[in-house]
Each structure stands twice: as C-alpha cells, then as structure tokens.
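Following: one structure in structure tokens, then a few remarks.
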Amino acid sequence: MPDATDIQVVRSEKLSAFRAVVCGCSVRLGGVSRPPLGMNLSFNVGDVRDNVIENRKRFFGTLGLKSAGVAFTRQCHSATVKTVVLPGEYDACDGLITSTSNLPLAISVADCLPVLLFDPDRHVIAAVHAGWRGSASHIIKQAVKKLQAEFHSASASLIAFLGPAAGACCYEVGQEVADRFDADVLAIRFGRIFLDLKKENARQLLDLGVDEKNIETSQFCTICTPSLFHSYRRDGKQSGRMMGVICLIDEEN
Ligand SMILES: [Zn+2]
C-alpha cells in the first residue's frame, strides 16, 4: 500500500489490465489550488481559474491524456445518459457513452459514486455519476441498456469500476431517501439510517447480467478519508471536486 501522499489517482485494477482503455479517479493531492482545495478540478467552487486549469492538466497528464478535448457532463442528478462523439459539455445528463478513441469522458464527484464501464468486445466505454437520486432512478441500468441497444454490448462482457464515494460507514440519509431503496443497502445504527451507494449500484449491474467477477468496487469512503478526498457532505458547498475519467486508446498510435 503506497503512502497516502503518493496517491494521485485511484485506479482500477481490472480496467488497468486492458491496453485499450485508460481510466482513473482524482484525489485532493497533487494540485496547485490553495488549501483545502488542493487538486480541485471544478470551476464552480470559487477556485482560481488558472489553478483549476493547471490541476486538470496535471490530473489528465498523470493518466497520459490531454486536458483539452474532453467530454463533460453538466450534471443534474438525472438518469439521463448521452452517447457522444465529440468533446464538450453536455447539458442535462449524468452519464456519457462513446466508442470514439482518444475522447475522454469525465464526470465530476465529491461523495457521489463515479462508475466507469468498458466493453472490450465492442470497444465502447461509459462514465456515470450516481448519487442517491441517480441511483434511485437506476442511471447505471440506463447506461447498460444504452450500451446494449446502440453498441450490442453483452452484459457478460462489461467490466465495471465503482470508484471512491461516500461509504456505508458515513453516508447518512433521511427516511424519504431511504424509502427509495431496498433494506439490504440500508443500515440502521443508533436510530440513524445509512445508505450503501456502491452496493446498490453493484446490484443494479448484477441484475442486468454483469458478471460479479467483472465488478470492482473501491473501498475508499470520501467522507471519512479527508487526507485523500474532497467531500461535499463533510466540507459543504465550497468543497473541491474530483473527477472520474475513462478513455479509449487508439492502439495504433
Ligand atoms: Zn466513511
């Protein structure tokens, strides 16, 4: 296990086995923004614009990618997933799919779950932002169904990485949120209710036929690991934002 200060990207072991894809989730370390923002990748949290640009350059650079030419979501906690072939910001969606090489898909997170999907048989990827609202609306199922309909992906071929997110250890929710989930992804401790976002999304993938051995879940909880992660729940609106990124690599280059 590397020292916490050495970790600049949380990577997927399973997806790292494929040369055709590169992916990773950023942490709060290694950036140039003033503390506590550090490696903040969002322009919308009061950070200095040039610092965010430099941070993005560093994070994408660590993945071997350029920070220009990325496809971003303008997230709204929906269950909408869009298929894209060009860089840019895509309105009113929380997931992106592409079969275009060298087009990174990026989603912004600070406690919500980043889900990165790859189908090595059909050479197509997806990046999904799954907070409690998106999870309750089954956004990950929408993404898989779109992969099946538009790219003829077989569920059994899909490889999934569920990145760092608010963990069941810390992610307290109210009764009205809990009511939207099955009991097996909820825990009650001392009269408080906690939601397991990762388990919920893994189960949605299993329900659609994704193989358990192809689902990798990061054990990191963003809320109780302040040395590594930004957390909206812990630090509020001004907390920095991280990114989950996935990109198909043109192996010819
Ligand atoms: Zn925790």
*What is the Rg over Rh value, at two decimals, for the chain, using alpha-carbon atoms and the Kirkwood definition of Rh?*
0.94
*Would you mind checking the pairs Lys141/Lys199; Lys66/Lys141; Lys198/Lys237; Lys141/Lys237; Lys146/Lys213; Lys213/Lys237 and listing those with alpha carbons more than 25 angstrom apart?*
Lys66/Lys141; Lys141/Lys237; Lys213/Lys237
_Residues with amide H under 5 Å from that of Ala130, placed H, sequence gap 5 or more_ = Leu113, Val115
*Over segment 7-67: Kirkwood hydrodynamic radius from C-alpha pairwise inverse distances, Å*: 12.1 Å
*For a label point 7 angstrom out from the Cα of Asn102 toward its Cβ, which stretches of segment 25-68 have the backbone nitrogen within less than 20 Å?*
57-68
*Name the residues whose placed amide hydrogens come within less than 5 Å of the amide hydrogen of Thr80, ignoring near sequence neighbours (fewer than 5 apart) on the same chain.*
Asp94
*HN-Hα J couplings of segment 125-130 from phi, Karplus 6.51/-1.76/1.60, θ = phi - 60°, integer Hz, Gly and Pro as x?*
10, 9, 10, 10, 9, 10
*Above 21 angstrom, tally the Cα pairs of segment 96-206 and express them as a % of all pairs, no decimals.*
37 percent
_Just to be sure I understand the model, the point goes 7 Å from the Cα along the line to the Cβ. What's the resulting Ile188 to Cys169 distance in nm?_
2.4 nm
*Karplus-derived HN-Hα couplings along segment 151-165 (A = 6.51, B = -1.76, C = 1.60, θ = phi - 60°), whole Hz, x at Gly and Pro*: 10, 6, 5, 8, 3, 5, 8, 6, 10, 10, 10, 9, x, x, 6
*Calculate for the chain the 222 nm mean residue ellipticity that helices alone would give, adding -39,500 (n - 2.57) per DSSP H run of length 4 or more and normalising by residue count, nearest 500 deg cm²/dmol.*
-6000 deg cm²/dmol
*Residue exposure sequence - Ile140, Ile97 - by fewest surrounding Cβ within 10 Å*: Ile97, Ile140
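Values in this text are rule-based calculations from the coordinates and carry no lab data. Since we're looking at a predicted model, the values are computed, not measured. We place every Cβ from the backbone using ideal geometry, glycine too, and count neighbours over all the protein chains shown.
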